[in-house]
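One structure is given here, and the rest of the page talks about it.
The values are calculated or read from the model by the stated rules, or taken from the named source; none is laboratory data. Every value quoted in this text rests on a predicted model; they were computed, and no experiment measured them. Cβ placement follows ideal geometry from the backbone for every residue including glycine, while neighbour counts extend to all protein chains displayed. Each accessible area value is taken on the protein alone, full model and side chains, heavy atoms only, with ligands, DNA and RNA left out. Shrake-Rupley method; radii C 1.70, N 1.55, O 1.52, S 1.80 Å.
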Amino acid sequence: MRAVVVYESMFGSTRTVAEQVAAGLRTAVDQVDVLRVCDADVATVMAADLLVVGGPTHAHGMSRRRTRQAAANEPTRYNGKGVLEPGAEGIGLREWFRGLPPLSGPAACFDTRADAPAMVTGRASRGIARCLRRAGVALVDQPRSFVVDKAGALKAGETYRAQMWGKALASSSTRSPAR
Ligand SMILES: Cc1cc2nc3c(=O)[nH]c(=O)nc-3n(C[C@H](O)[C@H](O)[C@H](O)COP(=O)(O)O)c2cc1C
C-alpha cells in the first residue's frame, strides 16, 4: 500500500503536521511519500492508495495567491520566525486542485489555523474537503484542524495528535473488510 501526503506551507507548521501524519501512517503503510504541493505530480497522486492533503488557513479558508503574497511580503507580521519555507511562493492547493484529473480512492484532509472556534477562524480543511470530493475521492474521516499559537508555532501536543491521527488513518485504511 502506498500513501501520499500533499501539503502547502508558508512557515513550516503545516509541513510539520504533514510529516507527523506520515510518521503515523508508516506504522502500518509500506510506502509513505510527503510532498510539497509544488512537487505533487499527477502520476504520484494517482498511484496513491490513500491521499492526505493539508494546508494553512488563510483569510478564513484555503490560501489564495494574494494571501500568500501578503505573507511573503511581511513574513514577521504573520510568523514569529519570519522564515519562508522553500517553495512557499509557488502554487497553493487551490491552484493544484484545478490541474488534477478525476481521482478515485480514499482520502483525508487537514488544516492548520489559529486556536479559536472555527466559526471565528474559518478553516481551510472545509475547502480542501470540497475540492477532494469534487475530484472524486471518498473522505475516510472528517477534516481535522491542528492549531498554532499567536506566533504561528504549533501548540503543545499538536505534533503528537497529528501522529496519532496518521496512525488511525493507516489502521482504518488497511483493515480487512468485515466478514
Ligand atoms: C495571510 C494570512 C492569513 C491568515 N488568516 C487566518 C485566518 O483567517 N484564520 C486562521 O485561523 N489563521 C489565519 N492565519 C494563520 C495561519 O493559519 C497560520 O499562520 C498557519 O496555520 C501556519 O501554517 P504554515 O506555518 O504551514 O504556513 C493566516 C496567516 C496568514 C499568513
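Of note:
- Qualifying trypsin sites (Lys or Arg not before Pro) for the range 122-164 [loop in DSSP, other Cβ within 10 Å: at most 16]: 150, 155
- With every protein chain in place, the range 1-148: carbon and sulfur % of accessible area (1.4 Å): 48 percent
- Model label sites at residue 72 and residue 95, defined 7 Å from Cα along the beta-carbon direction, differ in position by 0.8 nm.
- Available extension along the chain between residue 33 and residue 64 is 8.7 nm, counting 0.36 nm per residue and deducting the alpha carbon span.
- Principal axes of the chain: Cα extent on each, largest first, Å: 54, 35, 29
- For GluC sites (Glu not before Pro), the sites in the range 86-178 that DSSP calls loop and that have at most 15 other Cβ atoms within 10 Å are 89.
- Highest average packing first - 112-118, 55-61, Cβ atoms within 10 Å: 55-61, 112-118
- Cα lying deepest toward the dipole's positive end in the range 73-177, options 119, 159, 136, charges on Cβ: 136
- A 1.4 Å probe run over the protein chains yields, for the chain, 50 Å² of accessible area per residue, whole-number rounding.
- Between residue 172 and residue 104, the modelled labels are 2.2 nm apart [label points 7 Å from Cα along Cα→Cβ].
- Cβ-based net charge around residue 107, under 14 Å, with every Lys or Arg adding one and every Asp or Glu removing one: +3
- Judged by the mean number of other Cβ atoms found within 10 Å, the most tightly packed of the peptides 38-50, 11-23 leads the ranking 11-23, 38-50.
- Taking the DSSP beta bridges with both ends in the chain, the antiparallel portion is around 10 percent.
- Efficiency of FRET between residue 138 and residue 81 - r from beta-carbon atoms, R0 35 angstrom, step 0.05: 0.40
- Over the chain, Cα pairs under 8 Å with separation of 6+ residues give a relative contact order of 30 percent.
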